[in-house]
Amino acid sequence: MKTGISTACLYPLETERSLAALLEIGYRRFEVFFNCMEEIEQPFLQELKRQADSYGATFVSVHPFTSAAESSLLFGDYPRRTKEAFDFYRRYMAAAAYLGGKYVVIHGQPQGHGKLSDQGYWERFGELYNLGAQEGAYPAQENVRQHRSANPQFISGMKNYLGENCAFVLDVKQCCLSGVEISEMASAMGMRLVHVHLSDCAEGASCLLPGAGCRDFQELRQLLEKLSFSGTVVTEVYRDNFSQADELKNSLYFTKKVFETPFS
């Protein structure tokens, strides 16, 4: 497996400046967090790709800035709006594919929202996944606290219902915030786990840079290897979770040592 980082870690620094700073630190694999419409337009994407190519870096995924609206956009009960939203999310998938990434992170619907049954939600996601097949990049359902996806049984049911027409993002901090064991959520995702959002934790702190807390990352690596995971573990924290750029550099070395160094 490989290691990377999300440009969201430096938000609200502009996306292209975040990428430039992280490239300078030494990161070479990225999730891009888009923050506005301009950033999924071709000129902006070309500039991001130019930046990455100059360092021999690659992109693995993108994260929509419309995540908070997906309940009504993608999983609501108004067909015309859903059709428009699918057309819009197709642009995210096309943007990911252009950059060379494979996945668009989906938050989905908060618990208690909307009228869709679980099966209805899964079917809607499957339709979106089929659109991704046409673009060359796919939606990937993330486990998110207070959302349907926070429940391992929902994730397991989705995997069983959709088979190969789904993909999942394991976010370890979201597991902690939801009170769910990481191993339980990872097992629910099974072989359809394609992407990981990585962070550390300590008493009273649920989101720290990897290596800054007390999480057993060797145990996490072993868990991922048992699932034959071969994707990218992407550091995703918030700007107020660290203070100096050197902390990002130290975390880069830490994650590469844990996840990219062969076991002796």
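Any residue at all in the range 144-162 that's outside any helix (DSSP H, G or I), of a type in the set (A, V, I, L, M, F, W, C), touching a residue at least 12 places away in the same chain (Cβ under 8 Å) and touching a Gly at 6+ places or on another chain (Cβ under 9 Å)?
yes
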Sole miss for Gly101 among (1) closer than 16 Å to Phe33 by Cα; (2) free of Cβ contacts under 8 Å to residues at least 12 places away in the same chain; (3) of a type outside the set (Asp, Glu) is condition (2)
Go through (1) farther than 23 Å from Val258 by Cα; (2) part of a helix (DSSP H, G or I) one by one and return the number of the condition Cys9 breaks. (1)
Selection status of Phe59, touching an Asp or Glu at 6+ places or on another chain (Cβ under 9 Å), open to solvent by 20 Å² or more (accessible area, probe 1.4 Å) and within 29 Å of Leu193 (Cβ to Cβ): no
Check on Leu13, open to solvent by less than 20 Å² (accessible area, probe 1.4 Å) and either more than 28 Å from Leu209 (Cα to Cα) or not basic (Lys, Arg) (or both): no
Hey, among the residues in the range 177-226 that are assigned to a loop (DSSP other than H, G, I, E, B) and open to solvent by less than 30 Å² (accessible area, probe 1.4 Å), which one's nearest to Gly126 (Cα to Cα)? Val180
Taking the range 63-79 as the search range and keeping residues that are small (Gly, Ala, Ser) and touching a His at 6+ places or on another chain (Cβ under 7 Å), which one is surrounded by the most Cβ atoms within 10 Å (Cβ to Cβ)? Ser71
Could you please find all residues in the range 80-110 being in a helix (DSSP H, G or I) and either acidic (Asp, Glu) or crowded, with 22+ Cβ neighbours inside 10 Å (or both)? Glu84, Asp87, Tyr89, Tyr92, Met93, Ala95, Ala96
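The values are calculated or read from the model by the stated rules, or taken from the named source; none is laboratory data. Remember, predicted model here, so these are calculated numbers, not experimental data. Virtual Cβ from ideal backbone geometry, glycine too; neighbours counted across all protein chains shown. Surface areas here come from the heavy atoms of the whole protein model, side chains and all, with no ligands, DNA or RNA. Shrake-Rupley method; radii C 1.70, N 1.55, O 1.52, S 1.80 Å.
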